[in-house]
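Beneath this line is the structure, given in structure tokens, with notes to follow.
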């Protein structure tokens, strides 16, 4: 059932998981962040790769030794085929790999509108902290990132909508937060921008398919989760799950 809902959501909006729902991208739908630059895991040691049958599908983040966080639309019903890779700069290689024991979706997650697009998961074994594996900081309850704030998205998503390339190395891109009402007008033909979302982007820079679930950061504080946007990843704004808005839910679900 979840797989069918995921396909519907991806056809409705350009959700930024690896595009399993689109045949043309099925084995080529990964690349890197649009017009970003290479990054190393020691600079972003809380970043996770989420894999399905060993192939990388999404990103995520480490919020404690026993909990990780990602986008709800990144997950299948059968998590026995999914794993978390921590501590590696390189796609599908290195670091520490763990299975998934627990998945908790937001009770109001909507796979069609991508409202409350968040999930917290527990690895089968705790994350072994070290130089390459660390816990990301989270904002206070109700934190609203102000318009104009410079933030950074990190992931292994596509280079562009037209180029199918799978870089080995993690990528980052600097973006700017924009007002939700502006974003809502710009993205109105895709999906409504709700209170659980925030928007960020820049001219010819952004996130793309394969970046879903990865962190949007202000320094070492995660303020958002990559969620969805226009099918053209060069579009100036994309939607992210708003961590400040959902901060109390994260605490209630994980104790973090």
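Read-outs: derived from the displayed coordinates by stated rules, not from any lab. Keep in mind the model is a prediction, meaning the values are calculated, not measured. A quick note on method: Cβ atoms are made from the backbone with ideal geometry, for glycine too, and the neighbour counts reach across all protein chains shown.
With the contact rule set at Cα under 8 Å and sequence spacing of 6 or more, what percent relative contact order holds for region 150-242?
After rounding, I find 34 percent.
Determine, for each peptide in 241-249, 207-215, 126-134, 140-148, the mean count of other beta carbons within 10 angstrom over its residues, then list the peptides with the highest first.
Going by the mean number of other Cβ atoms within 10 Å, highest first, we get 207-215, 241-249, 126-134, 140-148.
Is the shape of region 93-136 rounded, prolate or oblate, going by the alpha carbon gyration tensor and its root eigenvalues a ≥ b ≥ c, with a/c under 1.5 for rounded and a/b larger than b/c for prolate?
Prolate, because a/c is 1.5 or more and a/b exceeds b/c.
Rank-order 180-188, 198-206 by packing density, defined as the average count of other C-beta atoms within 10 Å over each peptide's residues, highest first.
Those peptides, ordered most packed to least, come out 198-206, 180-188.
Among 84-90, 97-103, how do they line up from the highest to the lowest mean number of other beta-carbon atoms within 10 Å?
Averaged packing, sorted descending, gives the order 84-90, 97-103.
Over the Cα atoms of region 150-242, what radius of gyration and what Dmax do you get, in Å?
Cα radius of gyration and Dmax of region 150-242 are 12.2, 37 Å respectively.
Per residue and in Å³, how big is the convex hull formed by the alpha-carbon atoms of region 43-92?
Per residue, the Cα convex hull of region 43-92 comes to 76 Å³.
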